[in-house]
1. Which whole-Hz ³J(HN,Hα) couplings does the stretch 185-199 yield from phi under the Karplus relation 6.51 cos²θ - 1.76 cosθ + 1.60, θ = phi - 60°, glycine and proline marked x?
2. Before anything else, pin down the relative contact order of the stretch 153-215: Cα pairs under 8 Å, at least 6 apart, normalised by residue count, whole percent.
3. In nanometres, what is the gap between the two model label sites at V125 and D33, each 7 Å from Cα along Cα-to-Cβ?
4. Once phi is turned into θ = phi - 60°, what whole-Hz ³J(HN,Hα) does the Karplus curve with 6.51, -1.76 and 1.60 give for every residue of the stretch 97-104, x standing for Gly and Pro?
5. Taking the number of other C-beta atoms within 10 Å as the exposure measure, put K90, K42, K165, K129 in order starting with the fewest.
6. For the chain, give the magnitude of the charge dipole about the Cα centre (Cβ charges: +1 Lys/Arg, -1 Asp/Glu; no others), in debye to the nearest 20.
7. Let's test the formula: R0 of 41 Å, r as the Cβ-Cβ distance of K79 and T25. What FRET efficiency results, to the nearest 0.05?
8. Relative contact order of the chain: what whole-number percent is it, with Cα pairs under 8 angstrom and at least 6 residues apart?
Amino acid sequence: MVCPVPPGLPPPTPARPVTYNQMPTMRVLIADDDPIIRLDLKQMLENLGYEVVAEAGDGQQALTMARELKPDICILDVKMPHMDGIEVVKVLTEETIAPAILLTAYSDQELVDRAKDAGVFAYLVKPFKPSDLPPAIEIARSRYEQNIRLSTEVGSLSERLEARKLVDRAKGILMDQQKLSEAEAYRRIQQQSMNLRKTMREVAEAVILANSVSSA
Ligand SMILES: [Mg+2]
């Protein structure tokens, strides 16, 4: 039903244009030493409604720009001159500047492990499609926000990464056993943590322990 506007009231303001994820426009930093890929990526992101606030051609430049502009997300090539993508991610994580997605042409396990330890939140394997970008961006952003909440519980980066790994494992168990989505599993852990006045890490450890007992 359409309600008429009572006389004397201003007309309703038109709805804001809706972006892909119905969130405020995300400000993205992109870095790749290949200008063609940079151009492509920028175009894809802008077509999807993201705002590209910075473009860097190497890791050092990416870091300088990220520190200055505080983007919502950084999309970084792995192989870049001066500083590779993984080293940049490490600093971005240590200084809690922004979450990062790594662009990689390799499905190399050693690289993936190094990236995990540096705190990478999502990957895209080249060549990627425009439709790959929004899910990767949303995963990275939401994991980053979860991580920030975790960081209020634990201090150092290595403790934080360890806590995140445990929470990720516990989420996996809950997703598997209770058929929950990742977000639901996370909320369950967060809820228990508040109810029981335990850290999320402690709740995660309890979930993992209970699982190992039940599957022993
Ligand atoms: Mg490269």
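1. Calculated HN-Hα couplings, in order: 4, 4, 4, 4, 5, 5, 4, 4, 4, 6, 4, 8, 6, 10, 6 Hz.
2. It comes to 37 percent, rounded to a whole number.
3. About 2.3 nm separates the two model spin labels.
4. 8, 6, x, 10, 10, 9, 9, 9
5. Values: K90 20, K42 17, K165 14, K129 8.
The fewest-first ordering by Cβ neighbours comes to K129, K165, K42, K90.
6. Details: 26 positive and 31 negative charges, 190 e Å.
Taking the Cα centre of the chain as origin, the dipole is about 920 debye.
7. Working: r = 29 Å, r/R0 = 0.72.
The computed FRET efficiency comes out at 0.90.
8. On the way: 287 pairs, mean separation 27.3, N = 216.
Value for the chain: 13 percent.
Bear in mind these aren't lab numbers, they're just calculated from the coordinates by the rules spelled out. Here the structure is a predicted model, which is why all the values come from computation and not from measurement. Please note: Cβ atoms are built from the backbone with ideal geometry, for glycine as well, and neighbour counts cover all protein chains shown.
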